[in-house]
1. State whether the residues of the stretch B:90-100 include one that is more than 23 Å from B:K43 (Cα to Cα) and either of a type in the set (D, E, K, R) or surrounded by fewer than 21 Cβ atoms within 10 Å (Cβ to Cβ) (or both).
2. Having 1 or more residues that are over 21 Å from B:Q39 (Cβ atoms) is the bar; report the strands (runs of 3 or more DSSP E) wholly within the stretch A:26-110 that clear it.
3. When the stretch B:101-120 is examined, which residues are found to be outside any loop (DSSP other than H, G, I, E, B) and within 7 Å of chain A (Cβ to nearest Cβ)?
4. Go through the stretch A:1-27 and report how many residues are farther than 21 Å from B:Y59 by Cβ and away from chain B (no Cβ under 14 Å).
5. Taking the stretch B:79-100 only, how many residues are facing chain A (nearest Cβ under 10 Å) and more than 12 Å from B:V37 (Cβ to Cβ)?
6. Considering only the stretch B:1-100, give the strands (runs of 3 or more DSSP E) lying wholly within it that have at least 1 residues that are within 14 Å of the chain's Cα centre (by Cα) and at negative phi.
7. Let me confirm something: among A:G43, A:G66, A:G30, A:G70, which residue is in contact (Cβ under 8 Å) with a residue 24 or more places away in the chain, within 14 Å of another protein chain (Cβ to nearest Cβ) and among the small types (G, A, S)?
8. Looking at the stretch B:22-54, which of the residues that are under 22 Å from A:V100 (Cα atoms) and touching a helix residue (DSSP H, G or I) at 6+ places or on another chain (Cβ under 9 Å) is surrounded by the fewest Cβ atoms within 10 Å (Cβ to Cβ)?
Amino acid sequence: QSALTQPPSASGSPGQSVTISCTGTSSDVGGYNYVSWYQQHPGKAPKLMIYEVNKRPSGVPDRFSGSKSGNTASLTVSGLQAEDEADYYCNSYAGRDTWVFGGGTKLTVL
Amino acid sequence: QVQVVESGGGVVQPGGSLRVSCAASGFTFSRYHIHWVRQAPGKGLEWLTFILKDGNEKYYADSVKGRFTIFRDNSKNMLSLQMNSLRDEDTAVYYCAKDMGSGSYAFDVWGQGTMVIVSS
């Protein structure tokens, strides 16, 4: 149950696109199409942004998109806006009814 | 309004016990699996445990297996986490999170969390 690997930080200017990676193993990210992404603003609860690799819950802007290749999943935020500045966490089902999170990425909008 | 609200956090000495709870409303509680996730101060999220909607099966992360127990009361729309043999590293905000269901393996409703501090 080792944490998934995310870059500690990412940044972009308003209007630009930024991609955050999430690397696991064939036992989690690579083994299942059950990767989800969460946005967390300081002092707030996490919010589901993407599930099942690339699906958006109702109400999440289509500027947020997800993908996966092999053992690495990615979250892309297009048309960056100031309110997108937050911490982002990936999560994957890891088999045997367990889940694992990534270490988190702090997204800064310059 | 679909929501979950945690309670019961506080300060406990190392080796002690504490029970935190989660009250659900706005959805049919008995139809959904529920998880606990924690976040140590300044750190990332850590998945801890999961209970099936009928309460018959429970699963745990290695970090809490044998020390923490999850249980639910569907008649009261309540979820609890009994934490024993607490350690300094268990200090965290504890979140209750509703499973999205339909085999999505994601957490779509989160509470505001309850803070647990393990300190002498």
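1. yes
2. Filter on the stretch A:26-110 gives A:64-69, A:72-77, A:105-109.
3. Passing the criteria: B:F107, B:D108, B:W110.
4. Counting residues in the stretch A:1-27 that are farther than 21 Å from B:Y59 by Cβ and away from chain B (no Cβ under 14 Å) gives 12.
5. Number satisfying all stated conditions: 1.
6. Fully inside the stretch B:1-100 and qualifying: B:3-7, B:18-25, B:34-39, B:45-51, B:58-60, B:68-73, B:78-83, B:92-99.
7. On inspection, the qualifying residue turns out to be A:G66.
8. By that ranking, first place goes to B:A40.
The values are calculated or read from the model by the stated rules, or taken from the named source; none is laboratory data. None of the values given here were measured: they were computed from a predicted structure. Positions of Cβ are generated from backbone atoms using ideal geometry, with glycine treated the same way; all protein chains shown enter the neighbour counts.
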